[in-house]
Every structure is written in structure tokens, then in C-alpha cells.
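Remarks on the structure that follows.
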Amino acid sequence: MRQAIAKEARLGASILRLFFHDCFVNGCDGSILLDDTATFTGEKNAAPNRNSARGFEVIDTIKTNVEAACTATVSCADILALAARDGVVLLGGPSWTVPLGRRDARSASQSGANTQIPSPFSDLSTLISMFRAKGLGPRDLTALSGAHTIGQAQCQFFRSRIYNDTNIDATFAAARRATCPATGADATLAPLDSLTPTRFDNGYYADLVNRRGLLHSDQVLFNGGSQDAVVRSYGAGNAAFFRDFAASMVKLGNITPLTGTSGEIRKNCRLLNSS
């Protein structure tokens with residue numbers, strides 16, 4: 001991870017997003033890493049992942065090195081969980097102990113990825129209910145959304161916010177419109193944290209308080225609702241945010257893992273062992 005992030009800081013965010021998208025679909029089982037084949041449909045081409053999920057090559061490299069040292073022992077699911085943590089640490093964020101022992105899925109669910117991963121257009125009540133379905137509370141939602149202190153989003157996912165939402169800072173909206181026109185340029189990127197986009201800190205929450213959330217699903221956390229006080233507390237300093245983010249990441253990583261004799265330890269994270 002150190003080598004990957006030295007080459008491109010954004011990869012820390014990419015791996016963190018992969019982990020989140022993995023865990024929200026049938027638990028943290030490495031299913032998001034599986035490639036589509038002639039006889040197998042994975043999750044990479046589900047709407048939330050298609051042309052946006054990235055960092056798979058980093059996991060491949062780690063897996064190759066781990067297999068060379070200790071074959072058929074460490075799952076791709078555990079590698080992804082550890083890589084997500086290490087990326088956060090390398091970009092200045094908190095560390096936490098990652099519980100290990102996950103096994104890799106022998107299946108994937110494109111339909112699950114399409115319906116269970118929160119949308120950038122979601123409102124607060126929808127986000128709270130989707131997180132609650134995974135055993136995560138509203139505070140977990142607000143803490144884990146702080147992952148958006150790093151990384152970027154495509155114009156197509158924030159266009160409606162900068163052109164239609166009213167709870168947005170006018171100067172910020174104008175700056176974003178300069179690179180995200182009303183039509184076209186769908187894949188043009190903008191930082192989710194306008195202050196320190198490659199440093200893991202509480203800048204995301206400062207943006208929300210100032211109505212500079214990039215995604216609709218970001219700003220709903222601070223819009224006169226139940227999470228306003230939590231956002232303000234995280235925006236006041238890193239300590240509370242870092243503590244809660246680390247705790248929520250452990251909870252996220254514990255969503256219905258495969259253990260014991262369930263699943264397998266994949267030799268290649270992209271393919272089932274039976275492939």
C-alpha cells in the first residue's frame with residue numbers, strides 16, 4: 001500500500017471504497033474482486049461499481065506477494081480489509097486492529113450491488129435505513145461518510161447537486177460548475193473534500209458545515225436533521241472523528257463474514273478456485 005499510495009494518493013480512497021462496497025453486499029467476502037467470465041457474473045459491472053471501482057491491481061499485487069510467502073492461507077477478503085486500514089493510516093488517518101479470519105465468497109451478487117450500496121443521490125432517511133439493515137447506526141453512517149475526506153467523484157454523480165440543490169454555497173457551486181457542465185463531461189473528477197483532498201482528516205465535515213458537500217448524500221448529513229450535531233463535533237477536531245471512524249470500520253468489517261469451512265481461500269482474487 002505504501003508503494004501504491006506513493007505513486008497515486010487517490011488509491012487509498014479507491015481501496016477504502018472497494019472495501020465498503022464489498023461489505024455492503026453479502027458481507028466482507030471479497031466478492032467485489034471477482035471478474036465477470038463467460039459463466040460467472042460478478043459485481044464489477046453493477047451500477048455503483050461500473051467505470052468507478054478501481055484499485056484491483058493493488059490487491060492483485062499484495063495477493064501475489066502474500067501467496068509467495070504463505071500460500072492458500074490469507075483470504076482476499078482479509079487482504080482488502082487490511083489494505084483499506086493501511087491506506088487510511090498512510091494518508092494521515094487513524095489505525096485500528098482488523099479482526100481477521102474472513103474467507104472468500106464463491107459467489108457474487110450484481111443485483112445486490114445494484115440495490116444495497118447507497119446512492120450519491122440518497123436522502124438521509126434512506127441512508128439511515130440502508131445502514132441499519134447492515135447493523136450500523138446513524139452515527140456509524142456519519143463517521144463512515146468521513147471516508148470522503150479523501151478521493152474524488154465523477155461529475156455525473158454531483159451534477160444535480162451543483163445545479164439543482166439550494167443548500168449549497170454559491171461560490172463552491174460556481175467553482176464546480178466550471179468543470180462539470182450541465183451536459184457532458186460525465187467522468188470529470190472533483191475532490192470530495194475541497195480543503196485537503198489527499199489527507200485523511202476532518203476537512204470533509206468542515207465542508208458540510210459550510211454547505212460545500214460535493215454529493216447530495218454528503219450534504220444531507222448536515223441539513224437541519226438528526227446528524228447535524230455529530231457533523232459539528234467531527235468538524236471541531238480530528239479526535240472524535242478518528243475514534244468513531246476506527247470503531248465503525250471494525251463494525252463494517254464484521255458484517256456477515258464467511259468463516260470456518262464456508263467459502264474458500266482464493267488463489268487469485270479475481271477468480272474462483274474452481275475456475
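The values are calculated or read from the model by the stated rules, or taken from the named source; none is laboratory data. Not measured: the values here are computed from a predicted model. Using ideal geometry, Cβ is built from the backbone for each residue, glycine included, and neighbour counts are taken over all protein chains shown.
Summary table
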| read-out | value |
| --- | --- |
| Unmet criterion (only one of (1) closer than 27 Å to G235 by Cβ; (2) of a type outside the set (S, T, N, Q); (3) outside the structural domain of L34 (by TED's automatic domain parsing)) for A133 | (1) |
| When residues of segment 1-21 are limited to those that are part of a loop (DSSP other than H, G, I, E, B) and in contact (Cβ under 8 Å) with a residue 60 or more places away in the chain, the one surrounded by the fewest Cβ atoms within 10 Å (Cβ to Cβ) | A9 |
| Qualifying residue in segment 22-35 (condition: over 23 Å from I150 (Cα atoms), acidic (D, E) and assigned to a loop (DSSP other than H, G, I, E, B)) | yes |
| Tabulated pairs, segment 172-194, first outside the structural domain of A53 (by TED's automatic domain parsing) and closer than 25 Å to A53 by Cβ, second part of a strand (DSSP E or B) and at pLDDT 95 or above, C-beta under 6 angstrom, 6+ apart or interchain | R176/A190; A187/Q154; L189/Q152; P191/Q152; L192/A153 |
| The one condition in (1) in contact (Cβ under 8 Å) with a residue 60 or more places away in the chain; (2) farther than 30 Å from R177 by Cβ that L82 fails to fulfil | (1) |
